[in-house]
Amino acid sequence: MKDLVVLDVSKLPLHGTGMASPTWWATCTFMLIEGMGFGLAIAVYFYLMSLAPQWPIGAPPPDLFAGACLTVLLVASIIPNILVSRWARRRELKKVKIGLLIMSFFGIVPLVFRIFEFPALNVSWDDNAYGSIVWTILGLHTTHILTDLVDTLVLTALMFSRHGDNTRRYGDVEDNCLYWNFVVIAWLPLYGCLYWVPRL
Amino acid sequence: MQEEQSGPPMDTDLDDRELESRLAKTWSTRPGFWGKIACVDHKVVARRYIFTAFVFLMLGGLLSLAMRLQLSQPEARFISPDRYNQIFTMHGTNMMFLFAVPVMEAMAAYLVPLMVGTRNIAFPRLNAFSYWIFLIGGLLLWLAFALDAAPDVGWFAYVPLSGPQYSPGKRTDLWAQMITFTELSALAVAVEVVVTVFKQRAPGMSLDRIPVLVWAMLVMSFLVILAMPAIMFGSSTLILDRLVGTQFYNPAEGGDALLWQHLFWFFGHPEVYIVFLPAVGMVSTILPAFVGRPLYGYMLLVMALITTGILSFGLWVHHMFTVGLPRLGESFFTASSMAIAVPAGIQIFCWLATLWAGKPVYKTPLLFILGFIFTFVMGGMTGVMVASVPFDTQVHDTYFVVAHFHYVLIGGAVFPLIAAIYYWFPKMTGRMMSERLGRWSFWLIFIGFHLTFFPMHILGLWGMPRRVYTYQPELPWASLNLFVSLSSLILASGFLIFFIDAIKSWRSGPPAGANPWNASTLEWATSSPPPPYNFRRIPVVSARDPFSPGNDELTVATGLRTDRREVLVTTIVEALPEARESSATDSVWPFWAAIATSIMLIWSIFSPWAVVWGSIPIAVALIGWFWPKGEAEDES
Amino acid sequence: MKTSRFLFPLLVLLSGCSGGVQSALNAQGHSAVALKDLIIFIVLVCTAVWLAVVLVMAWALMRRHKRQEGEAAERKMTIAVSVAIVMTVLIVGVLTFASFLTTRSLYSGTDATVTIRVRAQQWWWQFIYDNADPSIAFQTANEFHIPVGKDVRLQLEAVDVIHSFWVPSLAGKQDNIPGRENVLTLRADKPGVYRGQCAEFCGLQHSHMAFLVVAEEEADYQRWAAQQRQAAVQPVSAEAAAGRDVFMSKPCAACHTVRGTQASGTSGPDLTHVGSRSTIAAGLLETTRGSLAAWIADPQTLKPGNNMPIVPLTSDELRQISAYMEGLK
């Protein structure tokens, strides 16, 4: 078969960002998968609640302090997160480096509060189905914070390395910011379920 | 050549020979053992996937013959009840998780990049990772079977039978973790297919020019993405119940046995369409090549595909009609379960119309497709029957249902799959399969299939339940069962001939040439088998049929680099060129990541701490995977 | 192959009594008859649809092609496909409506006179005839009697894992689920013995978890119930009396109840009137002295994995205990 050249693409950029980046779309599909997982966890929570004569089962509602602190921290982290994303789009290496350090901090500190959230649930995972689902929800979300934290730390190291100043890396930073936003936004309905539904 | 001073080497102004040799250098896999392990070519990975899945099909088929031996006479003692329960659990699990879903996804991984005219699947390393995970998950299950430790609670693993109290030991944990393996690999391929279809289509292949098969694979991938989390949630909570004493499924502590069924079937019903929709795509692609006219009702078929995908999520209760439903809901469930017959009907009508308008050429792929229509419509009809709640109360969990879903899965998916193998085998191997053996295998499979499975409808109505390792002589089932068992040998011989044909043709079949069927989708625009880079130059598409078989010219784009693996990224709707994106090079890291993941998953059957300590090597492997190595592919 | 397919509707039509004592096509109860009518109706409609599709396919393959087909043919095809789609929708609607009518008739006018608690467990059935007055409550295993022509209310429970209660000749199946209670209403139209079997996979001996429903005239039923309420009869022969002593001194009494004796175990079937039932071991064997002896001597060979252990007995003890069991009418 003979080739008939009708198009020249040599002027196109070597890497697209945002919707032009396959990685961006992959991040979106992963968020869809995990969003589905969180959605199911919430559905199971309400399903078990609908079966139980009283809710929570055999335990007082969770204590609010640790969860509230964590939620405030997570919501607050959205601001630097969006800034980092913006700096990455503008390819401002120095600001991105500082921003990533800040975001590493915002990944670690919530984990400290998370450690206190588990005992604050006032129920053990093996006490009853209520304990099982709340521990699972909290655990599931914790793995998301952890995953994104590791991702952020590796990216931070990368940006300080010779591989840092590269459109591809800036795209990675933007995708990482997108994913962190997802981790934060996914937390809000989970937070409502864990802390406020038992108080209804 | 003259451009080398001004920038990196480009494919412009090169003659075809020179361009091919440069691309081959950039895209080829290094020789040797580690080169094979590191290979990320979607064709190589998909071929391994397909081959492995067919090995599992053969093993699963042997299991079914063992079951037929045991059931050939009442109160037979060939196989102990414990082994029999392992065998039917293995058969279902193996066929669904290790054959049907992987083989369809592998067909997608092979065909989609070729059909959309790109050089590799999106995220080729993830693709390689997914194969290793799939392979290890399958080996794990079969190893357990060899050690007499295979799961024995059915492929559906209903609690409490699969719970800590009634299924001690590790059998059920192995099942649940095998689920994690296969779902992980399925999700990975689904993500790759979605991104490949969204972003790597050839310039000009707008949404309304995407081949039906690619549409089918896209919808299938979305079903995987939306349905698989449910089974992963289910299997993980089952392991938690068994390992650390959570109470999800324990009614005494606020849990619920039916919760499992909801989660399982929220995945399990779409699962049927995950297997069936690719088959729809295959039929729609193959049929036109053998009737010599374009497919009738492209738009209608694509709409039917999407509608089926959406409806499939509303039907899971379909499998729970006897658990004690709210009476008011029954008619609603009946109506919604039957509604899926409408898009299925539309598909059938479009194919009939295509047949009507065309002139059939009776080659093996067409035979399998005609056999498919004949058989699948019957399976669809029994599907309508079991969709009726009152009807279902008499046939649920009987051999009627066994007959029904084998009609749907073998008739509806395996027949098109074999047609697809006969059709794309020349592309995958460069050699034709035998038409003579193909006919033998078709008639043996077709006749053997109906003789084996049709009588099961009657057995079911006569009261024979499923999943029994034997039945008593005073029940009137013995002669039909013997008949079924003997017929299954005919069916098995048909498959045997198919396997022999495939192996023989692979080694010594006649050369196929680039386009043996005179088809008009893009995979036929390159050589058979395609070179590692798929296309010398990226095709440019300006119609639904990218090229006409008679025409010797292919419109293409230039301007890609030859010194690094480069693909073209296009916009999602119009497929306008957006960027030249690099495609990952070969790497052994996906392999190590799969090994690390497997260690963590298997270890976690025994100790919850495996999740903590086992994550460290995974993290290391992933960092090794993604850390830039200063290759040309990292430039931007 | 083809003939068998065309035989299918015929089989269904001719199957007034086909399929034996455990068949959806041998309908002898109110529900089963309604369901059989629905089954025949839907099978006929679906067979017609399938035939139509296959005929169209055959026609499409065999017809001669005219060259002048163009726009007009395309338009005709579109009309044909549209008509087919509309037909599909209509047929689906009709079948849904037929199902709705059947469902309604199944549930209409049930005022049960007899309520039985069905406790399914690995791998046998416990039938409890509760009563507000505990002295006239009784229970049996793997075989229960119902009066003909009366609605019988079954409360379905599960002791361990999920089971499914199914007597195809009388009604559709319904699951027994731990932690939940389902209700199934039965009515037998004719006296007879109907076989049922667990329909949900429940472990090793799912295959051997059958039971019998004996439907009989009201007077017979009352006589049976009165007899079941009695404590166990005293053994008449010396052999049976010796068997009773063996039974009480061995682990048997720890799992089985024989009312009127000190045997009051509850993990196995109540044996007070075991000799009056036509089968033992959940439908596995006909009740005879020989089968009782075989079962007691080695339950694990006859029904591998079941929960009855092998109790070492001398051959004399075995003979005596079988005589005792057989005498428990």
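Output the residues belonging to the stretch B:380-420 that are in contact with a strand residue (DSSP E or B) (Cβ under 9 Å, 6 or more places away or on another chain) and facing chain C (nearest Cβ under 10 Å). Quick ask: steps written out before the conclusion?
Filtering the stretch B:380-420 for residues in contact with a strand residue (DSSP E or B) (Cβ under 9 Å, 6 or more places away or on another chain) gives B:393, B:396-399.
B:393, B:396, B:397, B:398, listed by residue number.
Confirm whether residue B:447 is of a type in the set (Val, Ile, Thr), surrounded by fewer than 22 Cβ atoms within 10 Å (Cβ to Cβ) and assigned to a helix (DSSP H, G or I).
Working: of a type in the set (Val, Ile, Thr): yes; surrounded by fewer than 22 Cβ atoms within 10 Å (Cβ to Cβ): yes; assigned to a helix (DSSP H, G or I): yes.
So residue B:447 passes the test.
Considering only the stretch B:341-372, state which residues are in contact (Cβ under 8 Å) with a residue 40 or more places away in the chain and β-branched (Val, Ile, Thr).
Across the stretch B:341-372, the qualifying residues are B:346, B:354, B:361, B:364, B:369.
Of all the residues that make up the stretch C:50-71, how many are of a type outside the set (Phe, Trp, Tyr) and modelled with pLDDT of 80 or more? First the steps, then the outcome.
Taking the stretch C:50-71 first, the residues of a type outside the set (Phe, Trp, Tyr) are C:51-58, C:60-71.
Still in the list and also modelled with pLDDT of 80 or more: C:51-58, C:60-63.
Total meeting the criteria: 12.
Give the number of residues within the stretch B:117-167 that are among the hydroxyl-bearing types (Ser, Thr, Tyr) and within 19 Å of residue B:56 (Cβ to Cβ). Don't jump to the end; show me each part of the working.
From the stretch B:117-167, those among the hydroxyl-bearing types (Ser, Thr, Tyr) are B:118, B:130-131, B:158, B:162, B:166-167; that's our starting set.
Subset that is within 19 Å of residue B:56 (Cβ to Cβ): B:130-131.
Number satisfying all stated conditions: 2.
Checking the structure you have, find out if any residue of the stretch C:100-115 is modelled with pLDDT under 90 and basic (Lys, Arg).
Yes: the stretch C:100-115 contains one or more residues that are modelled with pLDDT under 90 and basic (Lys, Arg).
Filtering the stretch A:130-142 down to residues that are free of Cβ contacts under 8 Å to residues at least 24 places away in the same chain and not aromatic (Phe, Trp, Tyr), which residue is farthest from the other protein chains (Cβ to nearest Cβ)?
Taking the stretch A:130-142 first, the residues free of Cβ contacts under 8 Å to residues at least 24 places away in the same chain are A:132, A:135, A:139.
If we keep only those that are not aromatic (Phe, Trp, Tyr) too, we end up with A:132, A:139.
Working: A:132: 4, A:139: 9 Å.
Among them, the one singled out is A:139.
From the set of residues in the stretch C:33-74 that are among the small types (Gly, Ala, Ser) and loosely packed, with under 15 Cβ neighbours inside 10 Å, which is nearest to the other protein chains (Cβ to nearest Cβ)? Talk me through it step by step, then tell me what you get.
Looking only at the stretch C:33-74, we keep the residues that are among the small types (Gly, Ala, Ser), and these are C:34, C:48, C:52, C:58, C:60, C:70, C:72-73.
Keeping just the survivors that are loosely packed, with under 15 Cβ neighbours inside 10 Å gives C:48, C:52, C:58, C:70, C:72-73.
Values: C:48: 10, C:52: 10, C:58: 9, C:70: 11, C:72: 12, C:73: 7 Å.
This residue is C:73.
Hand me the list of strands (runs of 3 or more DSSP E) wholly inside the stretch B:511-625 holding 2 or more residues that are of a type in the set (D, E, K, R). Step through it out loud before you land on a result.
Details: elements: B:553-558, B:566-570, B:577-582.
The qualifying strands (runs of 3 or more DSSP E) are B:577-582.
Given the structure, is residue B:29 buried (at least 20 other Cβ atoms within 10 Å of the Cβ) and hydroxyl-bearing (Ser, Thr, Tyr)? Steps first, please.
Details: buried (at least 20 other Cβ atoms within 10 Å of the Cβ): no; hydroxyl-bearing (Ser, Thr, Tyr): yes.
Judged against the criteria, residue B:29 is not a match.
Within the stretch A:74-88, which residues are buried (at least 17 other Cβ atoms within 10 Å of the Cβ) and either over 30 Å from residue A:164 (Cβ atoms) or away from chain B (no Cβ under 14 Å) (or both)?
Those that are buried (at least 17 other Cβ atoms within 10 Å of the Cβ) and either over 30 Å from residue A:164 (Cβ atoms) or away from chain B (no Cβ under 14 Å) (or both): A:74, A:77, A:80, A:81, A:83, A:84, A:85, A:87.
Mind counting the residues in the stretch B:198-218 that are more than 21 Å from residue B:555 (Cβ to Cβ) and either more than 15 Å from the chain's Cα centre (by Cα) or surrounded by fewer than 23 Cβ atoms within 10 Å (Cβ to Cβ) (or both)? Steps first, please.
First, the residues of the stretch B:198-218 that are more than 21 Å from residue B:555 (Cβ to Cβ): B:198, B:212-213, B:215-218.
Applying the additional criterion that residues be either more than 15 Å from the chain's Cα centre (by Cα) or surrounded by fewer than 23 Cβ atoms within 10 Å (Cβ to Cβ) (or both) yields B:198, B:212, B:215.
Summing the residues that are more than 21 Å from residue B:555 (Cβ to Cβ) and either more than 15 Å from the chain's Cα centre (by Cα) or surrounded by fewer than 23 Cβ atoms within 10 Å (Cβ to Cβ) (or both) in the stretch B:198-218 gives 3.
Out of all the residues in the stretch A:8-21, is one or more more than 17 Å from the chain's Cα centre (by Cα), within 30 Å of residue B:519 (Cα to Cα) and either of a type outside the set (Lys, Arg) or at the interface with chain B (Cβ under 7 Å from one of its Cβ atoms) (or both)? Walk me through how you get there before you give the answer.
From the stretch A:8-21, those more than 17 Å from the chain's Cα centre (by Cα) are A:8-21; that's our starting set.
When the remaining residues are screened for being within 30 Å of residue B:519 (Cα to Cα), the result is A:8-9.
When the remaining residues are screened for being either of a type outside the set (Lys, Arg) or at the interface with chain B (Cβ under 7 Å from one of its Cβ atoms) (or both), the result is A:8-9.
Within the stretch A:8-21, one or more residues are more than 17 Å from the chain's Cα centre (by Cα), within 30 Å of residue B:519 (Cα to Cα) and either of a type outside the set (Lys, Arg) or at the interface with chain B (Cβ under 7 Å from one of its Cβ atoms) (or both).
Between A:36, A:1, A:49, which is of a type in the set (A, V, I, L, M, F, W, C), at the interface with another protein chain (Cβ under 7 Å from one of its Cβ atoms) and farther than 30 Å from residue B:557 by Cβ? Break it down stepwise before answering.
Values: A:1 fails: farther than 30 Å from residue B:557 by Cβ; A:49 fails: at the interface with another protein chain (Cβ under 7 Å from one of its Cβ atoms).
Exactly one residue qualifies, and that residue is A:36.
Of the residues that sit in the stretch B:531-581 and are of a type in the set (Val, Ile, Thr) and within 25 Å of residue B:7 (Cβ to Cβ), which one is farthest from the other protein chains (Cβ to nearest Cβ)? Walk me through it before giving the result.
As a first pass, look at the stretch B:531-581 and keep what is of a type in the set (Val, Ile, Thr): B:538, B:540-541, B:555-556, B:558, B:562, B:567, B:569-573.
Now narrow it down to the ones that are within 25 Å of residue B:7 (Cβ to Cβ): B:538, B:540, B:556, B:558, B:562, B:567, B:569-570.
Working: B:538: 8, B:540: 5, B:556: 5, B:558: 5, B:562: 12, B:567: 9, B:569: 6, B:570: 9 Å.
Among them, the one singled out is B:562.
Residues checked against (1) assigned to a helix (DSSP H, G or I); (2) within 13 Å of chain C (Cβ to nearest Cβ); (3) closer than 25 Å to residue C:174 by Cα:
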site: B:213; (1), (2), (3): yes, no, no
site: B:232; (1), (2), (3): yes, no, no
site: B:236; (1), (2), (3): yes, no, no
site: B:259; (1), (2), (3): yes, yes, yes
site: B:269; (1), (2), (3): yes, no, yes
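Among the residues of the stretch B:334-379, what is the count of those that are within 7 Å of another protein chain (Cβ to nearest Cβ) and outside any helix (DSSP H, G or I)?
Counting residues in the stretch B:334-379 that are within 7 Å of another protein chain (Cβ to nearest Cβ) and outside any helix (DSSP H, G or I) gives 2.
Taking the stretch C:174-189 only, how many residues are modelled with pLDDT of 95 or more and at the interface with chain B (Cβ under 7 Å from one of its Cβ atoms)?
Adding up the residues that qualify gives 4.
Looking at residue B:495, is it surrounded by fewer than 24 Cβ atoms within 10 Å (Cβ to Cβ) and more than 14 Å from chain C (Cβ to nearest Cβ)? Lay out the reasoning, then the answer.
Working: surrounded by fewer than 24 Cβ atoms within 10 Å (Cβ to Cβ): yes; more than 14 Å from chain C (Cβ to nearest Cβ): yes.
Yes; evaluated as a whole, the condition is true for this residue.
Aromatic (Phe, Trp, Tyr) and modelled with pLDDT under 95 - does that describe any residue in the stretch B:346-361? Step through it out loud before you land on a result.
Narrowing the stretch B:346-361 to residues aromatic (Phe, Trp, Tyr): B:349, B:351, B:356.
Checking the rest, the ones that are also modelled with pLDDT under 95 come to B:356.
Checked against the condition, which is being aromatic (Phe, Trp, Tyr) and modelled with pLDDT under 95, the stretch B:346-361 yields at least one hit.
Within the stretch B:455-483, how many residues are in a helix (DSSP H, G or I) and either crowded, with 24+ Cβ neighbours inside 10 Å or more than 29 Å from the chain's Cα centre (by Cα) (or both)?
Matching residues across the stretch B:455-483 total 11.
Restricting to the stretch B:461-485, name every residue that is more than 8 Å from chain C (Cβ to nearest Cβ) and touching a residue at least 24 places away in the same chain (Cβ under 8 Å).
Within the stretch B:461-485, B:464, B:473, B:477, B:478, B:480, B:481, B:482, B:483, B:484, B:485 qualify.
One line per residue, one yes/no per condition, for (1) closer than 20 Å to residue C:270 by Cα; (2) under 23 Å from the mean Cα position of the chain (by Cα):
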{"site": "C:200", "(1), (2)": "no, yes"}
{"site": "C:204", "(1), (2)": "no, yes"}
{"site": "C:213", "(1), (2)": "yes, yes"}
{"site": "C:219", "(1), (2)": "no, no"}
{"site": "C:225", "(1), (2)": "yes, yes"}
{"site": "C:232", "(1), (2)": "yes, no"}
{"site": "C:235", "(1), (2)": "yes, no"}
{"site": "C:238", "(1), (2)": "no, no"}
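Has the stretch A:117-137 got at least one residue that is under 13 Å from the mean Cα position of the chain (by Cα) and of a type outside the set (Asp, Glu)? Step through it out loud before you land on a result.
Of the residues in the stretch A:117-137, the ones under 13 Å from the mean Cα position of the chain (by Cα) are none.
No.
Can you name the condition, by its number, that residue A:129 falls short on among (1) buried (at least 16 other Cβ atoms within 10 Å of the Cβ); (2) small (Gly, Ala, Ser); (3) farther than 24 Å from residue A:39 by Cβ?
Single failed check for residue A:129: (3).
Filter the stretch B:38-80 down to the residues that are among the aliphatic types (A, V, I, L, M) and within 18 Å of residue B:565 (Cβ to Cβ) and list them by number.
Within the stretch B:38-80, B:38, B:40, B:44, B:45, B:46 meet the criteria.
Could you figure out which of (1) within 14 Å of chain C (Cβ to nearest Cβ); (2) under 29 Å from residue B:152 (Cβ atoms) isn't true of residue B:489?
So the condition that residue B:489 fails would be (1).
Find all pairs meeting these conditions: Cβ atoms under 8 angstrom apart; at least six residues apart or on different chains; first residue within the stretch A:115-129 and within 14 Å of chain B (Cβ to nearest Cβ) and under 17 Å from residue A:71 (Cβ atoms); second residue at pLDDT 95 or above and assigned to a helix (DSSP H, G or I).
Final answer for the pair search is A:118/A:135; A:118/A:138; A:121/A:131; A:121/A:134; A:121/A:135; A:121/A:138; A:121/A:194.
The values are calculated or read from the model by the stated rules, or taken from the named source; none is laboratory data. The structure presented is a predicted model; accordingly, all values stated were derived computationally and were not measured. Counting neighbours? That spans all protein chains shown, and the Cβs are built from the backbone with ideal geometry, glycine included.
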